Amino acid sequence: MARKKTNEKLVAWAGFDLSTTGLGLGVRSLDGTEAYAHLKVRGATKWQGEPAFELPQVPGMILTVLKKMQRDGWRFEKSSISFAVRQHDMVLLDKAGEPLIPALSWQCNAASREVELLRSQGAEAVVGRIEERFILPKLMWALRKTPALKSRVAQVMTTGDWIAYCLTGVSRLSTSDAISNGLLIQANKKLAADVMNKAKLKAAWFPQVLQSGRVVGTIKRQAAEDGESWSAIREILSGAKVVAGLGDNHATGVGCGLGERDYQTVVVSAGTSGTVNRVCAAKDKLQGNAACFEYYRSRLLLMMLADCCKWYDRFVARHASKYKDRLDELNSLGLKADVTRLRRVLHDGGKETYPPNWDKFSLGEKVASTQFSIMLELLLLMKSMQHEVECGQDAVTRFVLTGGLSQSEFFQRVFTAGAKVLQPKAKVLVSARKGPLRYQTAAYGALLNAMRPADPNAADKLCASRSCSAPKAGDLAAIQYLLRSYGL
């Protein structure tokens, strides 16, 4: 019997983005057709009072987005796939490969005592800057809180590497996320065994290190003892190759077209968390104020505004709740506001302090003031980032804006005005890509990483950009005056 014709499309490359809020999947065919599916994250929980995620929820989420794609006619068996996952997620497995605890997230900042100990032992001279959310100190903290875990731990890895392990049976530690967690020697990307030994951790717990962008293994159909969801996923993806993944910040840079040696560009993501990223050469001396991650053969510098879109969401909930699903209308109101009436909203720890005359502002002025205040915080980070590479502040001439708030034309105008304060010759850009992945930079970065074994320069060709909306001359002067008055 002849096979019935369908609208099936073959996935060549796929990128998953597992964030704090959701799981996204972007796909691309050989002819350039793209599609995107998304669902809200499941399994948010607490462990020892700290934010974490239930790992058994992950395969169900992956299966759901894959089935969404299948219903639209996509097939995966000959694809290359990669994952971008919440940076700093920590997975502990027992000898049977089962999770011992939920994955502690980047929001877990309980390991301050362990950070101080590591610093006193000289760890930062080997692995770079260490922070409480990193896996190295979090592992020490988890073992201190629950000493019985130490005898049961067989493997320690990131959530992205755990997913690759479940799909391929191959256990590897991808360099992108590992080096941003204090696990690798900055100079050569080898496992920081000496640092771990001093901290009374076993280097043998960690898998073999693999450069991100290289193939981990191929997904095969096999009798699974790890649940129906993983078995069903492997059935859908059988024959696909898994490429060692990226931390989400690395993926965002790739998804914006940031090149490995693009030392003139700063990427600002105004998403759930606001981030300011810059690539620098491995030999560059740094001021030490930014977190330092891998960017393939270079280094990615990161400064973070923990609340960004979350800050804006709180504003909408409190002051414009009826516009919750009409954000374009809010953006239009903000665009029409008188810029001379902009006022700074102060923000600290999820709480906002509004100006004394806030109630007398129109809704458009409140929208504009809130977006202005969020952008001001990002611009102040950009100012620091300019000076992070010693004697390198004049090198930054190109600024790329991405993330949810970048869709606001008013936000773009403030960003452009601020970038021109920092660098009069600044070229300010937003994505010019079309289609369903236009604003999904982390998923797109994972997709481009999946392309890397075949085409390391794919991002240069597939990340078109255009100039940001610029303010009118009179508005430019007024916005820049306000920005300077607030310390820019």
Take the residues in the range 83-120 that are among the small types (Gly, Ala, Ser) and over 16 Å from the mean Cα position of the chain (by Cα); name whichever of them is nearest to VAL27 (Cα to Cα). ALA103
When the range 233-253 is examined, which residues are found to be out of contact with any Ser or Thr (no Cβ under 8 Å at 6 or more places or on another chain) and more than 18 Å from TRP162 (Cβ to Cβ)? GLU235, ILE236, SER238, GLY253
What are the residues in the range 295-330 that are assigned to a helix (DSSP H, G or I), buried (at least 20 other Cβ atoms within 10 Å of the Cβ) and hydroxyl-bearing (Ser, Thr, Tyr), if any? TYR312
From the list GLU377, GLU388, GLU365, which residue is within 19 Å of TRP311 (Cβ to Cβ), among the acidic types (Asp, Glu) and touching a strand residue (DSSP E or B) at 6+ places or on another chain (Cβ under 7 Å)? GLU377
Can you name the residue in the range 237-260 that is modelled with pLDDT under 95 and β-branched (Val, Ile, Thr) and, of all such residues, is nearest to ALA450 (Cα to Cα)? VAL254
Search the range 450-468 for residues that are over 25 Å from GLY160 (Cα atoms) and in contact (Cβ under 8 Å) with a residue 24 or more places away in the chain and pair each with any residue that is buried (at least 18 other Cβ atoms within 10 Å of the Cβ) and basic (Lys, Arg) when their beta-carbon atoms are under 7 Å apart and the residues are at least 6 apart or on different chains. ALA464/ARG433
Out of the residues in the range 24-39 that are over 11 Å from ALA12 (Cβ atoms) and touching a Phe, Trp or Tyr at 6+ places or on another chain (Cβ under 7 Å), state the one that is surrounded by the fewest Cβ atoms within 10 Å (Cβ to Cβ). ALA35
Does any residue of the range 196-212 turn out to be outside any loop (DSSP other than H, G, I, E, B) and closer than 21 Å to ASP248 by Cβ? yes
Can we say ARG129 is farther than 26 Å from TRP230 by Cα and either outside any loop (DSSP other than H, G, I, E, B) or free of Cβ contacts under 8 Å to residues at least 60 places away in the same chain (or both)? no
Consider the range 110-128. How many of its residues are within 25 Å of GLY349 (Cα to Cα) and either surrounded by 18 or more Cβ atoms within 10 Å (Cβ to Cβ) or among the hydroxyl-bearing types (Ser, Thr, Tyr) (or both)? 5
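Looking only at the range 193-213, count how many residues are under 24 Å from the mean Cα position of the chain (by Cα) and either surrounded by 14 or more Cβ atoms within 10 Å (Cβ to Cβ) or not assigned by TED's automatic domain parsing to the domain that holds ALA142 (or both).
7
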If you take the residues of the range 69-105 that are among the basic types (Lys, Arg) and either in contact with a Phe, Trp or Tyr (Cβ under 9 Å, 6 or more places away or on another chain) or under 16 Å from ILE219 (Cβ atoms) (or both), which of them is modelled with the lowest pLDDT? LYS78
Answer yes or no as to whether CYS280 is touching a Lys or Arg at 6+ places or on another chain (Cβ under 7 Å), at pLDDT below 90 and closer than 30 Å to ARG214 by Cα. yes
Looking only at the range 177-224, filter to residues that are among the β-branched types (Val, Ile, Thr) and without any contact (Cβ under 8 Å) to a residue 60 or more places away in the chain; which one of those is farthest from GLY160 (Cα to Cα)? ILE185
Here is a list of conditions, (1) in contact with a Ser or Thr (Cβ under 6 Å, 6 or more places away or on another chain); (2) modelled with pLDDT of 90 or more, and THR275 meets all of them except one; can you say which number that is? (2)
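In a loop (DSSP other than H, G, I, E, B) and among the polar types (S, T, N, Q), is that true of SER229?
For SER229, the condition - in a loop (DSSP other than H, G, I, E, B) and among the polar types (S, T, N, Q) - is not met.
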Flagged in the range 253-288 as under 20 Å from ALA443 (Cα atoms) and of a type in the set (Val, Ile, Thr), in numbering order, are VAL254, VAL266, VAL267, VAL268, THR272, THR275, VAL276, VAL279
All conditions in (1) assigned by TED's automatic domain parsing to the domain that holds ALA459; (2) touching a strand residue (DSSP E or B) at 6+ places or on another chain (Cβ under 7 Å); (3) under 21 Å from MET61 (Cβ atoms) are true of VAL242 except (1)
Picking from LEU63, LEU39, the residue that is hydrophobic (A, V, I, L, M, F, W, C), over 29 Å from ILE179 (Cβ atoms), out of contact with any strand residue (DSSP E or B) (no Cβ under 9 Å at 6 or more places or on another chain) and modelled with pLDDT of 95 or more would be LEU63
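Assess whether MET69 counts as being closer than 21 Å to GLU235 by Cα and touching a residue at least 24 places away in the same chain (Cβ under 8 Å).
Yes: the conditions hold for MET69.
If you check VAL127 against the conditions, is it modelled with pLDDT under 95, under 27 Å from LEU301 (Cα atoms) and of a type in the set (Val, Ile, Thr)? Break it down into steps so the answer makes sense when it comes.
Details: modelled with pLDDT under 95: yes; under 27 Å from LEU301 (Cα atoms): yes; of a type in the set (Val, Ile, Thr): yes.
Yes, satisfied.
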Taking TYR263 as the residue in question, decide whether it is modelled with pLDDT of 85 or more and either over 30 Å from ALA458 (Cα atoms) or surrounded by fewer than 22 Cβ atoms within 10 Å (Cβ to Cβ) (or both). yes
Filter the range 415-441 down to the residues that are more than 16 Å from VAL266 (Cα to Cα) and either in contact with a helix residue (DSSP H, G or I) (Cβ under 9 Å, 6 or more places away or on another chain) or not assigned by TED's automatic domain parsing to the domain that holds VAL400 (or both) and list them by number. ARG433, LEU437, ARG438, TYR439, GLN440
Mind checking whether some residue in the range 241-248 is crowded, with 20+ Cβ neighbours inside 10 Å, part of a helix (DSSP H, G or I) and in contact (Cβ under 8 Å) with a residue 40 or more places away in the chain? yes
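The values are calculated or read from the model by the stated rules, or taken from the named source; none is laboratory data. Just so it is clear, the model here is predicted, and its values are computed rather than measured. In this analysis, Cβ positions are derived from the backbone assuming ideal geometry, glycine residues included, and neighbour counts consider all displayed protein chains.
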